[in-house]
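Okay, structure first, notes after.
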């Protein structure tokens with residue numbers, strides 16, 4: 001816009017001064033001063049034409065015709081640019097329609113071609129995410145979101161249009177009030193239809209994580225990254241839950257060499273339609289510092305739950321370290337205090353421990369890892385084996401025994 005305005009100003013100025021120099025030597029001229037030339041240039045350029053000043057020479061009239069045509073073109077250009085600006089603002093206002101009263105919501109940063117399929121696993125009763133509590137932040141067209149909202153399940157999904165790694169765009173999703181954030185390895189195509197490379201996708205993920213480290217200090221942030229070697233940057237930004245999508249695919253393919261059927265096991269654990277799913281369960285504070293066997297017995301006295309292990313230091317990285325610091329300072333012994341503070345630095349957030357011994361003391365900030373089995377879900381979905389019982393669930397798995 002600045003270039004356009006500068007060019008039009010230059011046309012007016014040179015035409016006005018040119019008319020003055022062409023007319024000043026003519027005996028019948030009425031453009032006799034530089035001021036007359038500038039005034040004539042303004043009224044001619046804006047196609048007003050008062051007629052008090054006008055060229056009398058042939059050269060001056062040619063210059064006047066050029067200036068009038070330039071004025072018509074300039075009017076069209078400026079009108080189009082201003083209209084486009086207002087239209088863009090109106091479109092952006094529609095795209096950034098998140099209710100500021102939203103609280104405890106789930107933010108999805110980035111886009112995938114299979115976004116609708118992904119949302120089927122993220123929105124619903126099982127996940128605790130209603131569509132009205134989900135905010136998508138992505139640089140895609142309105143038509144992409146409208147196509148998703150055509151599904152009744154997702155019609156209330158919120159949307160913020162723009163680059164999800166920009167602070168000003170992220171702020172419109174109110175990350176400071178969100179409970180969970182997922183950063184996808186972005187697949188949003190550019191205006192030329194080109195998808196970002198793996199390196200570009202990872203760079204966007206890291207930039208978004210860095211921004212969210214300051215904006216969403218209370219939210220649980222999960223990030224997808226393609227190159228595992230870049231995960232250290234995510235941890236520095238406070239991300240404790242990292243999805244290595246390319247590595248998982250490679251490891252899953254690697255299980256085929258063993259011929260043990262582990263691929264089916266992992267598929268059933270991850271597919272909600274199978275009726276079997278890995279999940280976590282909170283532990284009441286009263287059970288902290290109790291043994292693993294005591295915790296399992298208190299959570300499920302009937303022994304029908306399949307306990308897999310524990311996740312220590314669970315939750316948001318900032319909250320984990322604040323909690324650990326408070327615990328570390330509960331001593332009057334200076335040496336022990338220093339040792340405790342040193343141990344806080346070495347904390348691995350959301351650290352899993354599978355099948356701990358029965359006498360293992362469960363620390364605060366820990367959650368249980370369990371396997372939920374609901375064969376009615378599998379039968380309804382037509383999953384093979386839905387009618388069979390899971391013996392581990394029927395008899396229970398004793399804490400500390402082989403899983």
query: Consider residue 78 against the criteria (1) surrounded by 14 or more Cβ atoms within 10 Å (Cβ to Cβ); (2) free of Cβ contacts under 8 Å to residues at least 40 places away in the same chain; (3) in a helix (DSSP H, G or I): it satisfies all of them except one. Which criterion is unmet?
result: (2)
Selected residue (only one of 5, 48 is within 52 Å of the chain's Cα centre (by Cα) and part of a loop (DSSP other than H, G, I, E, B)): 48
field: Residue that is surrounded by the most Cβ atoms within 10 Å (Cβ to Cβ), among those in the stretch 269-282 that are in a helix (DSSP H, G or I) and in contact (Cβ under 8 Å) with a residue 40 or more places away in the chain
entry: 274
- request: Restricting attention to the stretch 224-259, report how many residues are part of a helix (DSSP H, G or I) and either touching a strand residue (DSSP E or B) at 6+ places or on another chain (Cβ under 7 Å) or over 14 Å from residue 209 (Cβ atoms) (or both).
  value: 17
task: Check the stretch 53-63 and report whether any residue there is at pLDDT 85 or above and over 30 Å from residue 138 (Cβ atoms).
output: yes
- request: Can you give me the ranges of the helices (runs of 4 or more DSSP H) entirely in the stretch 286-348 with at least 2 residues that are in contact with a strand residue (DSSP E or B) (Cβ under 6 Å, 6 or more places away or on another chain), closer than 30 Å to residue 104 by Cα and modelled with pLDDT under 70?
  value: none
message: I need the full set of residues from the stretch 187-208 which are touching a strand residue (DSSP E or B) at 6+ places or on another chain (Cβ under 7 Å) and closer than 17 Å to residue 162 by Cβ, in order please.
response: 188, 205, 208
- prompt: Are any residues in the stretch 175-195 surrounded by fewer than 17 Cβ atoms within 10 Å (Cβ to Cβ) and at pLDDT below 90, and if so, which ones?
  reply: 187, 189, 190, 191, 192, 193, 194, 195
task: Specify which of the listed residues (18, 49, 37) is at positive phi and in contact with a helix residue (DSSP H, G or I) (Cβ under 8 Å, 6 or more places away or on another chain).
output: 49
message: Condition check: under 14 Å from residue 111 (Cβ atoms) and surrounded by fewer than 16 Cβ atoms within 10 Å (Cβ to Cβ). Does residue 200 satisfy that?
response: yes
task: Determine whether residue 25 is part of a loop (DSSP other than H, G, I, E, B), at positive phi and in the same structural domain as residue 83 (by TED's automatic domain parsing).
output: no
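The values are calculated or read from the model by the stated rules, or taken from the named source; none is laboratory data. None of these values were measured; they are calculated from a predicted model. Note: ideal-geometry Cβ built from the backbone for every residue, glycine included; neighbour counts use all protein chains shown.
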